[in-house]
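None of the figures in this text is laboratory data; all of them are computed from the coordinates on show. Only a predicted model underlies this, so the values are computations on that prediction, with no experimental measurement involved. As a convention, Cβ positions derive from the backbone with ideal geometry for all residues, glycine included, and neighbour counts pool all protein chains shown.
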Amino acid sequence: MNTCTENKWHEVWTRKGTEGGESLEDLMKADGFDTGTGAISVKDWMRTSADIKKKLETEKAFRILEVGCGAGAMLYTFRDSGPEIFGVDYSETLLKKAKSAIPELQGKVCEASALDFDDNMFEAVFSHGVFFYFRDLNYAEQAMDEIRRVLTPNGKIFILDIPDFEKRELCEKYRRDVVYAGEEYPTAEDSPYRHLYYSKEWFHEYGKKHGMKVQTFDQDLESYPMSPYRFNALLTF
């Protein structure tokens with residue numbers, strides 16, 4: 001996905017896709033969940049996986065899709081879970097690692113705003129830790145439109161790890177003062193490493209516009225430094 005043509009993240013993920021092995025911990029590291037503000041314990045990772053499966057009722061699905069699957073750290077926890085698993089990412093090297101670690105994964109390199117799948121293919125679609133890399137809200141809406149397009153009637157969408165606009169100042173202060181010790185370049189608006197923030201209302205308005213019910217949930221992951229500043233959104237028909 002060309003989510004960040006105006007920043008450095010594509011360069012970062014291309015490099016990470018060439019590093020490490022194929023254990024869950026290796027895949028989490030390749031996906032950036034091993035250090036700094038991105039660090040998450042395996043325990044909390046598995047809790048997140050269980051939450052995705054519960055919210056999306058994946059035991060009833062024939063096919064599930066992760067948008068922005070990276071090296072496959074989350075889809076790794078879906079092996080042998082029943083449904084066919086699909087993933088897309090804009091990093092060819094990360095997707096290659098994912099397909100090597102998860103042989104049954106059907107993966108494609110493509111944009112979140114141009115998913116290379118037919119209409120109505122998936123009963124469940126999720127995206128974890130990806131929407132804050134999008135360049136702007138217009139792109140995010142295009143991605144949501146594509147997710148809806150490939151969703152079956154009565155399918156479910158779960159977007160996780162969304163930066164909360166209401167907590168932006170606190171989050172940026174934490175990143176600047178605690179994590180980067182006063183260096184402002186990672187958090188500045190014109191920074192190549194910036195994050196995109198969303199209001200919960202943005203998702204509610206999107207759901208209302210397209211006849212979907214929306215539930216938002218504050219994150220509660222003890223090991224994850226960004227958890228107090230993030231939320232998840234479930235969209236259903």
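Taking Kirkwood radius over Cα pairs in Å as calculated from this structure, the corresponding entry among (i) 19.3; (ii) 17.8; (iii) 18.7 is (ii). Going from the fewest other Cβ atoms within 10 Å to the most, the residues GLU25, GLU59 appear in the order GLU59, GLU25. Within the listed set LYS108, LYS99, LYS209, the Gaussian network model of the chain (springs between alpha-carbon atoms below 10 Å) gives the highest mean-square fluctuation for LYS209.
Rank these for me by crowding, HIS128, HIS204, HIS210, HIS195, going from fewest to most other beta carbons within 10 Å.
On the way: HIS128 25, HIS204 17, HIS210 13, HIS195 21.
Ascending Cβ contact count within 10 Å gives the list HIS210, HIS204, HIS195, HIS128.
Here the Gaussian network model covers the chain, with springs between Cα atoms less than 10 Å apart; of MET121, MET46, MET28, MET46 fluctuates the most. For LYS97, the aspartates and glutamates whose Cα falls under 19 Å of its own Cα, not counting residues fewer than eight places away in the same chain, are GLU11, GLU19, GLU22, GLU25, ASP26, ASP31, ASP34, GLU66, ASP80, GLU84, ASP89, GLU111.
Among the lysines, select those whose C-alpha is under 21 Å from the C-alpha of LYS55, and discard any that sit fewer than 8 residues away in the same chain. Partners found: LYS43, LYS156, LYS200, LYS208, LYS213.
In terms of surrounding Cβ atoms within a 10 Å radius of their Cβ, ARG168, ARG79 rank from fewest to most as ARG79, ARG168.
Dipole of the chain computed with +1 at Lys/Arg Cβ and -1 at Asp/Glu Cβ about the Cα centre; of SER41, MET226, THR58, farthest Cα towards the positive end is THR58.
How much length is gained on full extension from GLU166 to ASP116, taking 0.36 nm per residue of separation minus their Cα-Cα distance?
Details: separation 50, 0.36 × 50 = 18.00 nm, distance 3.39 nm.
Going from the current span to full extension adds 14.6 nm.
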